[in-house]
Amino acid sequence: MDGTQEKPSSGVRAVVLGTAQDGGRPQVGCFCPPCTQARQNPALAEGPSCLALIDDRQRQFWLLDATPDVPRQYDWLQERLGVRYHFAGAAVTHAHIGHYLGLAQLGREVVGARGLPVYASPALAAFLMANGPWSQLVRLGNIQLHTVEPDTPQYLSPHLTLAMIPVPHRQEFSDTMAIVARGPRRRLLYLPDIDRWEAWDRRLADVLADVDIALLDGTFFDAAELPGRDREEIPHPTVVDTLALLQEHAAPSRVQVYVTHLNHSNRLWDPAEAATLAAQGLKVARRGNEHPL
Ligand SMILES: [Zn+2]
Ligand SMILES: [Zn+2]
Ligand SMILES: [Zn+2]
């Protein structure tokens, strides 16, 4: 919890369920300080980047990204919701392991879901239909794919829409989308992975001008986090670069901007480092952050 929590009022909200890069914290086989601390204190352990969208009036929720940590993230959400809300679907940004492996839990080996809506770009939907084990989820009707064309709002409930915006990011198995969720009052941008802001066909400032809350790719703090790597080769904007861009273009002050998708090595796991960044106007997303929409 941080000081930015607000009381739900519109009946639609987003809750942060995970804030780590695909490998989570601790990362398998790693003994860097943040990983070691998280093994010693499991409360510090964190799953990959994930959000829940909740419509309290419909008692339904949707996941933005289905991570390998979905069993824990789902439990944590249901405990928080207190009553049995209906799991109404998942929207997936792209086919990298932290963002879609959780779909496997929906198959006959585990949940045995029936027709759970999965929202995906046409390229990601085609990948899921063509490759096992995902193709089996489709064939057995565990999931029902809903292809979402870019920039075309899709109703999740009468009070909640979702739109996808293409972003440049290693296109190995699928393209990559950012997601804009829109409730009755506010809009939230979820953009966990991008190669470079400069490679995007949109200006970050323009995209931010259309939303109220943004969770952006904060994988690496700065280039020093990856010694020996050419800055140009780092496949993410650093947090330092993102902060500079936000300051340069003076993002509208009403927009609350957070970083998420933190690599295990990121210094922003340290609350003091996160507070220093927040003082400059860029916050670090935390599990449990709640954003009324
Ligand atoms: Zn990722
Ligand atoms: Zn580590
Ligand atoms: Zn990725």
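The values are calculated or read from the model by the stated rules, or taken from the named source; none is laboratory data. All figures in this text were calculated on a predicted structure; none of them were measured in a lab. So basically every Cβ, Gly included, is an ideal-geometry build from the backbone, and we count neighbours across all protein chains shown. With ligands, DNA and RNA removed, areas are computed over all heavy atoms of the protein, side chains included. Shrake-Rupley method; radii C 1.70, N 1.55, O 1.52, S 1.80 Å.
Computed with a 1.4 Å probe over protein heavy atoms only, the accessible surface of region 12-292 comes to 42 Å² per residue.
Rounded to the nearest 20 debye, the dipole magnitude of region 60-156 is 300 debye, with +1 charges on Lys and Arg beta carbons, -1 on Asp and Glu beta carbons, and the Cα centre as origin. Computed from the C-beta positions of A126 and R202, the FRET efficiency with R₀ = 25 Å rounds to 0.55. When peptides 227-236, 20-29 are sorted by average Cβ neighbour count within 10 Å, with the highest value leading, the order is 20-29, 227-236. Sorting 32-39, 43-50 by their mean Cβ neighbour count within 10 Å, with the most densely packed peptide first, gives 43-50, 32-39.
By the Cβ rule of 4.7 Å, the chain holds the following cysteines without a possible disulfide partner: C32, C50.
If you take the Cα centroid of region 72-117 and the Cα centroid of region 206-266, the two points sit 28 Å apart.
Across every pair of non-identical alpha carbons in the chain, the mean reciprocal distance, once inverted, gives a Kirkwood radius of 19.2 Å.
If R0 equals 22 Å, the separation of the Cβ atoms of A43 and A272 corresponds to a calculated FRET efficiency of about 0.80. By accessible area, using a 1.4 Å probe on protein heavy atoms only, the chain has 52% of its surface on carbon and sulfur. Compare the Cα positions of G288, T276, F220 along the charge dipole of region 213-288 (+1 at Cβ of Lys, Arg; -1 at Cβ of Asp, Glu; about the Cα centre) and return the one farthest towards the positive end. After comparing all options, I get G288.
Bridges between two residues of the chain, per DSSP, are antiparallel at a rate of about 55%.
Taking a Cβ cut-off of under 12 Å around Q73, the surrounding Lys, Arg, Asp and Glu residues balance to a net charge of -2, with basic ones at +1 and acidic ones at -1. In percent, rounded to a whole number, the relative contact order of the chain is 21, using alpha-carbon pairs under 8 Å and six or more apart.
If R0 is 22 Å, the Cβ-Cβ spacing of R108 and H146 corresponds to a FRET efficiency of close to 0.55.
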